[in-house]
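The values are calculated or read from the model by the stated rules, or taken from the named source; none is laboratory data. The model shown is predicted, which means the values in this text are computed figures rather than measured ones. Every residue, glycine as well, gets a Cβ built from its backbone with ideal geometry; the counts of neighbours run over all protein chains shown. Protein only, heavy atoms only, side chains kept; ligands, DNA and RNA dropped before computing areas. Shrake-Rupley method; radii C 1.70, N 1.55, O 1.52, S 1.80 Å.
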Amino acid sequence: MKRIRYIVPILILALILFFTPANLSEALAASGPQGLVSSSANEMVNVLIGFHRLPNRELVEQFRGEVYREFSIVNVIAARMAPQAAEALARHPQVNYVEPDGPVFAEGQVVPWGIDRVFGEEEYYFSSWGDSNGSGIGVAILDTGIDEHHEDLSGLSGGTNTIDNTHWGKDGHGHGTHVAGTIAALDNEKGVVGVSPGVNLYAVKVLSDSGSGTVSSVVAGIEWASKNKGIQVVNMSLGTGTHSQSLEDACNAAYGLGQILVSSAGNSGNSSGRGDTVTYPAKYKSVIAVAASTDSDRRASFSSTGPDVELIAPGAGILSTIPGNAYGTKSGTSMASPHVAGAVALLWAAATGLTNQDIRTILQETAEDLGLSANHQGYGLVRADQAVAAVRGTGIARVTIQPPSQESMALPGEEASYEFTVENTGDIEDTYNISTKSGWGSSVNPTSITLQPGGTATIELVHSVSDDALPGSFDQGTIEVFSTENEASASASFITTARGYSIEISPSLQSGAGTPGGTVEYTYTIYNTGTEDDSYTFTATSEWAASVSVDTVEVKSGGSANVILSHTIPEAAGEGSSNTGVLTAASKGDSSVFATAQFSTTAQKDEEGVLSILKFELTNTSNPAWARVRVEWTVSSSNGTLANVKSEMFLDGEKIDSTDSPIGGYEAGGAHELRNRRGQGKTYDITLTVTDTLGNKDTETRQIDL
């Protein structure tokens, strides 16, 4: 690992501040956020504890401090502990002061121990950066914002603020800026350096300056990142102990769109490392849950544990950027997560054809086993160097074809043309064979192509419509692309519909009867079963006179219209004689397209028939606003020629209201409602009239007081 030589001016000694409990909180940025989703609850800080007399290690451990250094020249112990515990310890009578174990910089850039660790045996300048420094990969930091003016994080690519919709480039808390530095601090001979200094960084402020947010602010941040096509990686150094279906669905949706989501596993662990304490969203299957390790490759005592831990990364005493062009150390799984997010960016930039599942698999397979429980380390310590090496020189073969489907139309015997774009989305040059399958017959040009990574080619496809294809019928085919040397393949579909005109008439045959000199009417429905809007003309041919209600009707493709045909029976037609005719509907779009239907009419004896009113009952149904009567009726015809029944309401000889119903057959029944506005207290005449198809009628009148 890289050795760092520190130049410490003597002047520094004169600037040491001794903190009392009153100002220690501010110095440590100790207060954890309150709210549903938090960034740094239970995160540890590194402090120096000065004693009035001899150092008391047991006292520090009683306050759950992890001692990492003791001195003989001064009465001081260096320990990692919760900020609240540090505040409480500062009040103990044995303690002289508690101060941050702040950074001391060499002249120039420092490589934090966590960055050094995830690159294994590589030394700065890391050789993996020769293959990839994350360039071209967008990483969204869902956190408290990022200080856009920090010299080590200059050139942010954009961002959003889902807390109050103000500018995203400020970080009043410092947490988000610290996380961002671990991922992307520039390699610029200043301050520190991140795992992947070449990434495009996006600030997505989902937590307030107090470090708290809500599920909705986080979901809104995920949504914003998922809609930004430049973002492939989402880091969420935040968590909540409560499951949210909305949050899980948002994570699943972003993962389904191809993004990688990385999150801190949580700081709810215990010294024994027992229990399932991983928080959300890290606990979701679509998110990489990251635990925290120490510089001795042990699990940090605060780090959450459980079967959902996927990887472990440095998270104790992590030096990184903080607002105001400054640098500071923080501890927590929030500091571990960005080490993994940075490694994801390196790997993806080294092999852009990988999917998010490919990325997870490679990170798992290349992780370093620290000999810890799987519930503590998951697959092991993330190793950026080994992940990049896994794809170095091997290349990924991948191909896509766009668009995924196309549709067109053509006349029978003609061709439909399509264009598809084939792209080599892998990392190596590849050669592909192109073929097509369909029922009607199809061909492609060219049938073979060779493409460099990122290269594209246009494929022309011709689909021949069968000569006997009926209008509206279709054929679906497939274009397939296969690598000749690898397993890369892709396919797309095309559907061609046969154009043309088509018509149907329903019903195909109708029959009726009438008296000589009378007319029988038949209603037909015309269906446009073709693919084009069309107009139809009609002709009726028969020995007896026949006519159609319209000369021309327009019908849209897939639509219908009704026409009425009238067939007149001659006066001289004998009883029982009949005549059959033909109705023809012809397409104006294509005169060769037509449809026919038949009609047959029989002359019957002109019987007068007997009309009868079998039931005529009146019921007063008035209300304060209306004089109302319900008329219930039943009527009959001895020869089955019923045509209509009408109810009428009269007052002093003046018709006030009426209603009628068309009927047919030998017998019919029903009811009518008649009324007069504010006409109560009067006597009304109600008349019922029934008529038949021969013009006969029967009438009856009754009175009612309303």
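General remarks:
- Sites listed here are GluC sites (Glu not before Pro) in region 103-178 whose DSSP assignment is loop and whose Cβ has at most 13 other Cβ atoms within 10 Å: E107, E121, E123, E151.
- Heavy-atom accessible surface of the chain: percent carbon and sulfur, 1.4 Å: 46
- Hits among lysines - C-alpha to C-alpha of K556 under 30 Å, sequence gap 8 or more where chains match: K588
- Between region 412-458 and region 286-347, the alpha-carbon center distance in angstrom: 46
- Overall dimensions of region 152-245, expressed as equivalent-ellipsoid semi-axes from the Cα gyration tensor (√(5λ), whole Å, largest first), are 23, 15, 13.
- The phi torsions of region 665-678, fed into the Karplus equation with coefficients 6.51, -1.76 and 1.60 and a -60° offset, translate into couplings of x, 8, 8, 8, x, x, 8, 10, 10, 10, 7, 9, 4, 6 Hz, rounded to whole numbers, with Gly and Pro shown as x.
- If the convex hull is drawn through the Cα atoms of region 441-512, its volume per residue in Å³: 127
- Charged neighbours of I318, selected by a Cβ distance under 14 Å, balance to -1 (K, R count +1; D, E count -1).
- Cα gyration tensor shape for region 578-633, rounded if a/c is under 1.5, else prolate or oblate: oblate
- Taking all protein chains together, Y666, Y97, Y284 sort by accessible area into Y666, Y97, Y284, largest first [probe 1.4 Å].
- Taking label positions 7 Å along the Cα-Cβ direction at both D660 and N325, the computed distance is 9.7 nm, reported to one decimal.
- Taking N as its residue count, the alpha carbon Rg of the chain over 2.2 N^0.38 Å: 1.63
- N56/Q364 FRET efficiency (R0 51 Å; Cβ-Cβ; nearest 0.05): 0.70
- Region 587-706 - Rg and Dmax from Cα coordinates, angstrom: 20.4, 70
- Net charge of neighbours whose Cβ lies under 11 Å from the Cβ of V98, counting Lys and Arg as +1 and Asp and Glu as -1: -2
- Residues whose amide H falls under 5 Å from that of V553, counting only those 5 or more places apart or on a different chain, are Y536, with hydrogens built in the peptide plane.
- Pairs of Cα atoms farther than 11 Å apart, region 462-502, %: 69
- Straight-line cross-link reach from K655 at under 12 Å between alpha-carbon atoms covers these aspartates and glutamates, not counting any fewer than eight positions away in the same chain: D685.
- A simple count of charges around S464, restricted to other residues whose Cβ falls under 12 Å of its Cβ and scoring Lys, Arg +1 and Asp, Glu -1, yields -4.
- Whether region 52-192 is rounded, prolate or oblate, judged on the alpha carbon gyration tensor where a/c under 1.5 counts as rounded: oblate
- Pair-distance distribution of region 511-561: all C-alpha pairs, bin width 10 Å, starting at 0; shares per bin in whole percent are 20, 43, 25, 11, 1.
- Sum of -39500 (n - 2.57) over DSSP H runs of 4+, divided by residues of the chain (222 nm, nearest 500): -4500 deg cm²/dmol
- At 1.567 mPa s and 4 °C, Stokes D of region 422-463 from Kirkwood alpha-carbon radius, µm² per second: 116
- Distance from region 471-538 to region 369-394 (C-alpha centre basis), Å: 61
- Relative contact order (%) - criterion: Cα under 8 Å, at least six apart; region: the chain: 8
- Å² per residue, accessible surface of the chain at 1.4 Å: 45
- Oblate is the label for region 524-666, because a/c, from the alpha-carbon gyration tensor with a ≥ b ≥ c as root eigenvalues, is 1.5 or above and a/b does not exceed b/c.
- Estimated from the Cβ-Cβ distance and a Förster radius of 45 angstrom, the FRET efficiency linking Y68 and K229 is about 0.50.
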